[in-house]
Each structure stands twice: as structure tokens, then as C-alpha cells.
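Every read-out reported here was derived from the displayed coordinates using simple, explicitly stated rules and does not represent laboratory data. Everything numeric in this text was worked out from a predicted model, so none of it was measured. Here the Cβ positions follow ideal geometry from the backbone for every residue, glycine too, while neighbour counts run over all protein chains shown.
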Amino acid sequence: MATKFGLAGGIPERRVRPIWDAVDSRQYKPALKLAASLLSKYPSSPYALALKALILERMGKPDEALSVCLEAKESLYSDNFLHIDELTLSTLQIVFQRLDHLDLASSCYEHAYAKHPNNLEIMIGLFNCYVRECSFVKQQQIAIKMYKLFSEERFLLWAVCSIELQVVCNSSGRKLLQLAEALLKKHMASHSLHEPDALVMYISILEQQEKYDAALEVLSGNLGSLIGIEEDKLRIQGRLLARACNYAAAAEIFQRVLESCPDDWQTFLHYLACLLEEDVDWSKTNSSHQSCVPCVDDIKACKTTHLTEDEFDSRISNALSFVQKLQMDCRNDCVRGPHLAQIEIERRHRLHGITHDGKFMESLLNYFYRFGHLSCFTSDVEPFLRLLTDDEKDQLLNNMRTLESTSASPIKALGHAMTIFKVQESFGIMFTLSLRELEGTARKMLEMFCKDLKLSRDLDPQENMHGEDLLSMASNILVLLFWRSRKLGYLLEAIMVLEYGLNIRRCVWQYKILLLHLYSYLGALPLAYEWYSTLDVKNILLETVSHHILPQMISSPLWQETGDLLKDYLKFMDDHLREAADLTCVAYRHRNYSKVIEFVQFKERLENSNQLLMARLDVSILQLKQKADSLQEVERVFENLNHGSRFLEMSNEDRLKSLTFNEDLQARPWWSPTPSVNLLSGCFEEGSACLGESSKGRDEEYIVKKVIERKSILPRLVYLSIQSGSISSKENDRNGSLSHANAVGELKCLLERCARNIGLSFDDAIKCGSCHLQRSKIIQGFRFRFHQLDELHCFCQCVEPVLP
């Protein structure tokens, strides 16, 4: 900010610079004194007031900052103030944004624009305000006005991008796309296009209208040269041809991409789908995604090809010949795509009922021979392994062990051995072994780890050790032994193995996650929390990783630590959602329009996060628990929650439908695949070889939505039970709040909803509540109401006023 100096509101730069220097160096008290001195000389200057408000906000005084900002706004609106400059407006905008009053910032710019309708800086500032508000229609309108005034291509593209955001985010109709196309066509007729992202946006608009031939014509014309990387241009061309059902031409284009980028796995899948004319939803494909992970959830697509047997054989043979040519041309041991592609081709043979003389097994073994020492091998081939029969699984493991013995390098031999263990895990073999065999396997893994520790001697402390996964696998086996035998010693040994690994290499996050889950299961939550803290989870990882610890902490008596976790999470989310729009403004400024849409969609995804809504509920419920000893404190909490009504509005049916689930569940241990599932709490069943995998099929989203609905009812439920009870009846009469009859009526409706949520009829819930109240004999206990804010206790306490 220190670079934005000049005559702001008539104040000389020499008087302003020391204030900005103090703010930039975080010396807020001296800055406030200088701002006060400046105000004494320029008492009616909006810029001086805006500076003071900025300093107050940085000092953590939001109420004072808002008051000064409003004073600056009034001064700005006054007839006495004629000169409005962008620096004053931008300073006010910063403060209003930090105080969550984007509408006030926009109103300041709108007032300035009304006075100076041809000022480009003010118009751009107003556009950025609308970007921060996600007001796409107003963005479009002001961008078109700028384009008409200044005839710059960027302003037209801002308007077109705003139109596309209305279509993508608000599901607006086709007419808007037609408007965007017409605007671009008119501009191209007189000025052409000069930016790569402008061409990509134009093609996207045509593609969304299913005008594939028109998009191909534009791409193959002179404008196609705007896309500097030939492979990117070919990927777009191939996608357009495929969507136009010109599969033969699309396959040729994707083949050209693979010749120059043989490791582009996504393009290979597109090539194969076009070659076999499979029914693929091309609208969901992303040409920028190039991970080398097979997408095998397309079995239905593979079977919906319209080719005859002879046509299928001919085309799949052509694909195999092409892949083998890629393998010959590419001698780089790091390129896995062509070799994985051969497995995919043999998989297609299987899906069409062609065994192909053991070629599928052969391709798997060849891939193991080349890349079996890499830690990614199992994740690469795991989807393919599901197609093997039991006999083929045994044969594959035996052949792998034979190839393992031929490894020349100790590091490769260790990698091959670990891969075989991982494949055994993938097959579910560990679930079928006897206890003695499991103990022997765990012991073998530990001995192998200790023996090969010397291989990691020269590695950097931050690098992964060779054989690092052995301890995780050994720990998993020990947990399985506990589950089957219920002997606690196995669980303690699993903990000791992981602690041993962390003594050697302190930064292995996989060990820490396993440990925190084991300690959580044992009820040692302070230790689990301690290990979670060592993960040093920050920024967006708070959204994807906190599910490992938060559910256990919320149901624990560790209120202080739980409050800290929730506070850190909510602070990051609030700050990010407040400032994320700045990234969108930067993307507009740098003319990266694909990023504009990506940033807006990402922000929308975070705003609808189920964890965010759950955290807001949990932090309020936690406050009620912590303040339970003081009626006045509890009443303040309820006032901030609008007496519990705010959460009922936030968890309505439409909001629950739009919830997003951003948790990374892949890092969870096999015995707890989701936060709501812990297999160790149940009994082991013989022959359950894929228990962890099958439990992932549970409808976790449905469970989470039920929990959110239940928790959103609790604050209002408790508030109404107090209002209808004898403790606060006098206060109700005096304050003129809900009448007793209205409170009881609403309470009954919420109790019926709560009963349905927990799977009971209202009558059954009433009986359950009556029995519980008779047993507890604590009907009027105010403190009990809040310290036991869980579903059963809350229902039982709140049901009292509606009992017959």
C-alpha cells in the first residue's frame, strides 16, 4: 500500500507517507497517533478518516473502525466534498471488506461513479466491488459500459466472462450464451482477438451451445495460432470432434498428442474411447487433468460400444500396435503411460468377454518388472487387479515373487518386496491368514525395515525413507490381530511400532495419522490431539484433514482444545472466503479468465462445505456448554444466535442439498474409512476380505446431513424449553418475548422433527423421554440442560413441557 501515494483528498504525500510506513511495518499505535494528527489538520477529509479506520481495524477494533468508516462515507457523500479519488475509495473498500460490509464499499464506488461516469479507475474499482460480491449481472453491466467508452478488448472479455459465470454458477439460460457469442462476433469482425484466453472462452461458449463445427472452424483458422502450445490446441480439437461424434478424426488427433506426450494418461483414455466409439460424457472431461491413474468406473461405457466383434477386434489391435510403438520409441524408465495403456487394452478385452490367452496377466507382470519398485505401483494397477480370479491372484503373486528375486539393486529389491505386501493387502489376503501367519508377516516387515535402514542413511531428513510404508503395513496387521483376537497387546504394539518410526524420522505424516486414530480409539484424546498438532495443519488442509480429529474432540470433555480447533478452522475459512475474491480480481487483471471461473467455483464449494456448517453449529453448542453456569452468559449466546433461529434457517432443505464434501478420506486407516465408521467397535467376521472397502460404500453424506439437521435443532430446542419452563416465565412476561403457548407449540413441532431425525415416532420418543426423566429425577436442573447437550439428553429434557 505504501506505493499508492499522491494528493488523496487534497492531502500532500509527505503527510501521508509516514502513516503508511508505520502501517506496513505493523506499528499501529504510532500510525494511529499520526492519523489523529492528520485529522486535526484535515478534519473533514474522507481519506484521513479512511486511514484511521484502516489502522483501527488492524488493531482489532472492528466496531470503532466501522464507526469511523461510516463517518468517512458520510463525508464522501456530502455536497462540500467535490473531489473523489480512487485512493480514498480503495482504502475504504479494504476496511469495509475486512468488516464484512461489501455492500457499503460498493455504495461508495457507485456514488463516485454517479459523479464521475467517465473515470476509468473508479469504474474498474466498482467492477472489482461487484466481483467481490459475486454480483455477476452488475459485473456484466459495468464491464459493457467500460467497453463502450474505451473500446478495450479486456473489458469486453470481462463482460463475457461475467455472462459465463451467470450460466455456470446460476444455471442461467441459453440466451445469455447467445448474447456472449454475439458480443464476441461483433468485436472479432472489427478488431479480431489478441489473447489466448479470449479464444478459449469463445470456444467454450460455442461448445456449451453445442456448436462444435463452428468452434472447430474458429480453432483451425487464423485465431488458432493464439494457442501457443500445439498439444493444448490438439486436445481441444480432439474434444470438440468427439463431442460432434466424429470419433475417427478425434482418435487421430488424440494419437498425435500421445506421440509427443506419451505419459498423458487422460488423453490415452480419450483416444481409446473414440477409437471404440464408447458412450462417454465428454462434458465432464478435463483436458488439463493428466494423472496416470486409470479411470475404471467406466465399465458401463466400455460395454455400450456399437461396434461389431470384427470392428472391435480390428480397432483394439490398432490401439495395441500403437501403444507398443510408443513403448519402443520411449526408452525413459520414468514414463509409465504406454505400459499402463497395454494393461488397459487387455482390460477392454476382458470386459468384452475375450480372455486373450493370458495377455492380461502378462501385461501386469511386465509392468511389475519395470515399475514394481515404485511406491505408486499398487495404486496404478489396483483397479485392474479387481478383474482377477482367485487362481489368477495366486499366480500373479507367485510370479511377482519370482521376479523379485532377480532384482539387482537393494533399493529395487526392497521396493519389490513392499509392492508384493501391498498387493496382498489389496487382494484382502491379510483377512484370511491365521493369527500365527499374521504375526509372522508383521515380524518380517519390521525385520526388513530395520535391515534396510542403512539405505536411507544419506537421505535428507525431509525425504521419504526407503521402506517407509513397511511400518504402516505392520501396524495395520497388528490392528487386524487386535480386531480378531481382542487382545489389547496387539494394539499397544501397533502404537509402539509407529512411535519407533517417528523416533527415526519425525516428519512421516502417515505414522502420525495412524497414531492419532489409535489413541482416539483407546480414549487417549490428549495424546491424539498432541499428534494432530505435530502435523502442523494449515490453510486449505484444515478443510481436508481436520476430519481426522474434530469428530472425536467434539464429543469429548476437552472443551478448550476443541474450541481452539474450531476457532482455527473458522478463522481460516472466514478469512479465505472474505479475501478469495481478491484472487478473482487478480485473475481478471491478468486476463486469465479460466482461473476466474475456477476461483469462483472453488469459493462456492467452500461456502457450501458441510464441515463449515458443522463447525458453526459445534462452536455455538460448545459455547452453551462452557457458559452453562451463568444464565446471563447463556442468554448472550442465544442473542447472538437469534435465539437458535439462525441455525434453523442455515440448515434448511435447500442448504442441505447443496452441501459439499471436501474431506480427503483416502488417508484414513482401513478400520475407520469414514468419521462415522469404526470397524474395531464391532466383531470380526470370518471371510470378510474387503471390510474396509465395503464400509466405504455407506452413505456418509446422508449421515452427515442427518447430524447437521439434528444439531441445528438443539439450540432452538433448548431455548424454547427454557422459555416454557418455570425458571424464566417471569422474564418472558416482563420482556414480552414468546408466550408460553407459542413456545410450547413451536417446541412440539421441533421435537417431532427431532424424533423423526433419530428414527423414532413422536409417541415413542415421548415414552422414551418420560422414562428417562423418571430415572434421572433432574427435571429442573438448568446446568444439566447445557452440560449434556447431546441428542438423547436434550430431547429428554426438552420434552418435559409437552408431556401430557
(request) Starting from the exponent 0.38 and prefactor 2.2 Å, build the expected Rg for the chain from its residue count and divide its actual Cα Rg by it. (result) 1.15
(message) Which trypsin sites (Lys or Arg not before Pro) in the range 10-89 sit in a loop by DSSP (not H, G, I, E or B) and have at most 10 other Cβ atoms within 10 Å of their own Cβ?
(response) Arg26
(message) Given contacts defined as C-alpha pairs under 8 Å and at least six residues apart, what's the relative contact order of the range 215-261, whole-number percent?
(response) 34
(request) Counting only C-alpha contacts under 8 Å and six or more residues apart, can you give the relative contact order of the chain as a whole percent? (result) 6
(message) With a cut-off of 8 Å between alpha carbons and a minimum separation of six or more residues, what is the relative contact order of the range 1-116 in percent?
(response) 22
(request) Please work out the C-alpha center-to-center distance from the range 527-605 to the range 37-63 and express it in whole Å. (result) 31
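Under 37 °C and 0.692 mPa s, how fast does the range 1-116 diffuse according to Stokes-Einstein, given a Kirkwood radius computed over C-alpha pairs? Answer in µm²/s, whole number.
The calculation lands on 237 µm²/s.
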(message) Can you tally the net charge around Leu577? Count Lys and Arg as +1, Asp and Glu as -1, for every other residue whose Cβ sits under 9 Å from the Cβ of Leu577.
(response) -2
(message) Quick check on my link table: of Lys148/Lys595; Lys33/Lys61; Lys359/Lys412; Lys571/Lys705; Lys422/Lys538; Lys567/Lys603, which ones sit more than 27 Å apart, alpha carbon to alpha carbon?
(response) Lys422/Lys538
(message) Given the -39500 (n - 2.57) contribution per DSSP H run of 4+ residues, what per-residue ellipticity at 222 nm results for the chain, rounded to the nearest 500 deg cm²/dmol?
(response) -22000 deg cm²/dmol
(request) Could you calculate the contour length gain from Ser40 to His83, that is, 0.36 nm times the residue separation minus the distance between their Cα atoms, to one decimal place in nm? (result) 13.5 nm
(message) For a protection proxy built on the mean count of beta-carbon atoms within 10 angstrom, sort 672-682, 410-420, 472-482 highest first, please.
(response) 472-482, 410-420, 672-682
(request) Taking amide H positions as placed in the peptide plane 1.01 Å from N, state which residues far from Ser609 in sequence (5 or more) or on other chains have amide H under 5 Å from it. (result) Thr660
(request) Provide Cys376, Cys683, Cys330, Cys129 in ascending order of the number of other Cβ atoms located within 10 Å of each residue's Cβ, fewest first. (result) Cys683, Cys376, Cys330, Cys129
(message) Give me the one-decimal nm value for the distance between modelled label points at Glu230 and Lys29, 7 Å along each residue's Cα-to-Cβ direction.
(response) 6.7
(request) Taking the Cβ of each residue in Tyr500, Tyr113, Tyr511, Tyr271 as the centre, tally the other Cβ atoms inside 10 Å and list the residues starting with the fewest. (result) Tyr500, Tyr113, Tyr511, Tyr271
(message) So if I take the alpha carbon set of the range 163-211, get Rg, then get Rh from the Kirkwood formula, what is the Rg over Rh ratio?
(response) 0.97
(request) Please find the FRET efficiency linking Arg17 to Asn332, where r is the Cβ-Cβ separation and R0 is fixed at 35 Å, and quote it to the nearest 0.05. (result) 0.05
(message) 7 Å from Cα along Cα→Cβ at both Ser260 and Ser190: what's the point-to-point distance in nm?
(response) 3.6
(request) Show me 596-605, 261-270, 483-492 ranked by packing, highest mean number of other Cβ atoms within 10 Å first. (result) 261-270, 596-605, 483-492
(message) Order 140-150, 642-652 from most to least packed using the mean count of other Cβ atoms within 10 Å.
(response) 140-150, 642-652
(message) If each residue of separation counts as 0.36 nm, what is the full-extension length gain between Trp559 and Leu435 once their alpha-carbon separation is subtracted?
(response) 40.6 nm
(message) Give me the one-decimal nm value for the distance between modelled label points at Ala741 and Glu499, 7 Å along each residue's Cα-to-Cβ direction.
(response) 6.6
(request) Multiply the residue separation of Gln632 and Asp574 by 0.36 nm, subtract the distance between their alpha-carbon atoms, and state the gained length in nm to one decimal. (result) 18.1 nm
